[in-house]
Amino acid sequence: MQLNALNNISLELTRTTDLDALLNKIIEYAALIVKAEAASILLLDKKKNELYFKASLGKKSKEIKKYRVKVGEGIAGWVAEKGKSLIVNDVAEDKRWNKNIDSSTKFKTKSLICVPLILEKDIMGVMEVINKKDEEYFDKNDEEILNSFANQVVIAFRNANIIEDLNNYFIHITEILIQAMENESLGPKGHFMRLARLATQIGNKLGITGKDYNNLYYASLLHDIGKLKVSRKIDINFKEKDSFRLVQSEISLHPISLHPIIGANMLKQINLFKDMIPIVKHHHENYDGTGFPEGLSGEEIPLASRIISVVEDYTKIIYNTSIESPSENGKAFNKLFSLAGTKYDPKVIDALKEIIKT
Ligand SMILES: [Fe+2]
């Protein structure tokens, strides 16, 4: 039973990234195995030197969450201060016991085990089980079991910290890359952000959710990253031409046409970006198969790439300073819309039209 529970928790640790759900599961198993009425995980707020309830189980589990415990006060506070486990089978007899929370919640604590949560020599909180069932007493064996569960809690936090660090790294590295692209005049300030916002609005309309939604967002930000490695001069010359009027042979012969492949190769080096590689690689494919680099058509082209293709050209019209009158602008938009079914996926164009209307 005990081993089974610990195995289940270890498995959950590798599966779930939902820390709260995991902690609730851990205290649920802990209480079940040591036959306790209630259980809690309290974390240390270092600034205030107080413990607060992160997870709790039992009749007063919701009510208890508003309370805080000063380090050094009460039994939990003592364990957090000393970093030592404690078994107390009659709290009324223990001088460290602070009955304030019990009095307010009208819960009667009789016995408990409290163990510290220690992450790399730092106390990060405590875990406790309360009131042994069936008139029994908590013993050393229960304490050992609780310490095993406490280790699982610490691992869960360490994993959560790693995930947070990775996400943080991912977001900041993306920001740095966008800055580099903007500094290289690949787009005006804020261009890639606006482009990504419109792309995800379209994605939303087309039912893209979860991980795919995130991939669409980040791929939209970084789709032109390959241009950092293609000479800027080449790109500027290329931009001067009307991209709608370029014929296939002209595009495929042009060095700038390598930027989707170069970009995909750049992202290949970073594991976190791996799901975006096909999106970046195919953002210049045309719906009718006349695009580059592989001449994919229709549904063969990743949906996110089909969206970026439309959004990229749409934002080009918006930022084209040579277009002065609204009628010229209208003409450019109509030209873009008329390419639904040839250059662009018709349902992406429909979604864009709907967004523009609102
Ligand atoms: Fe591009």
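The values are calculated or read from the model by the stated rules, or taken from the named source; none is laboratory data. From a predicted model like this one, the values you see are computed outputs, not experimental measurements. Note that each Cβ is placed from the backbone with ideal geometry, even for glycine, and that neighbours are counted across all protein chains shown. When the accessible area is computed, the model is the full protein with side chains, heavy atoms only, and any ligands, DNA or RNA have been set aside. Shrake-Rupley method; radii C 1.70, N 1.55, O 1.52, S 1.80 Å.
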How many residues does the stretch 192-204 hold that are within 16 Å of the ligand (Cβ to nearest atom) and surrounded by fewer than 19 Cβ atoms within 10 Å (Cβ to Cβ)? 1
In this structure, is residue 207 small (Gly, Ala, Ser), more than 16 Å from the ligand (Cβ to nearest atom) and modelled with pLDDT of 80 or more? yes
Mind checking whether some residue in the stretch 151-168 is out of contact with any Pro (no Cβ under 9 Å at 6 or more places or on another chain), surrounded by fewer than 20 Cβ atoms within 10 Å (Cβ to Cβ) and not in a helix (DSSP H, G or I)? no
Residue in the stretch 210-228 that is most open to solvent (accessible area, probe 1.4 Å), counting only those that are within 13 Å of the ligand (Cβ to nearest atom) and not in a loop (DSSP other than H, G, I, E, B): 228
Lone qualifier among 51, 44 - being within 22 Å of residue 118 (Cα to Cα), of a type in the set (A, V, I, L, M), open to solvent by less than 10 Å² (accessible area, probe 1.4 Å) and part of a strand (DSSP E or B): 51
From the options 275, 313, residue that is modelled with pLDDT of 90 or more and within 16 Å of residue 342 (Cα to Cα): 313
Which residues, taken from the stretch 68-88, are crowded, with 16+ Cβ neighbours inside 10 Å and either modelled with pLDDT under 90 or assigned to a strand (DSSP E or B) (or both)? 69, 86, 87, 88
May I ask you to verify whether residue 133 is surrounded by fewer than 14 Cβ atoms within 10 Å (Cβ to Cβ), touching a Lys or Arg at 6+ places or on another chain (Cβ under 7 Å) and touching a residue at least 40 places away in the same chain (Cβ under 8 Å)? yes
Scan the stretch 261-292 for residues that are away from the ligand (no atom under 15 Å from the Cβ), open to solvent by 30 Å² or more (accessible area, probe 1.4 Å) and not basic (Lys, Arg) and report the count. 8
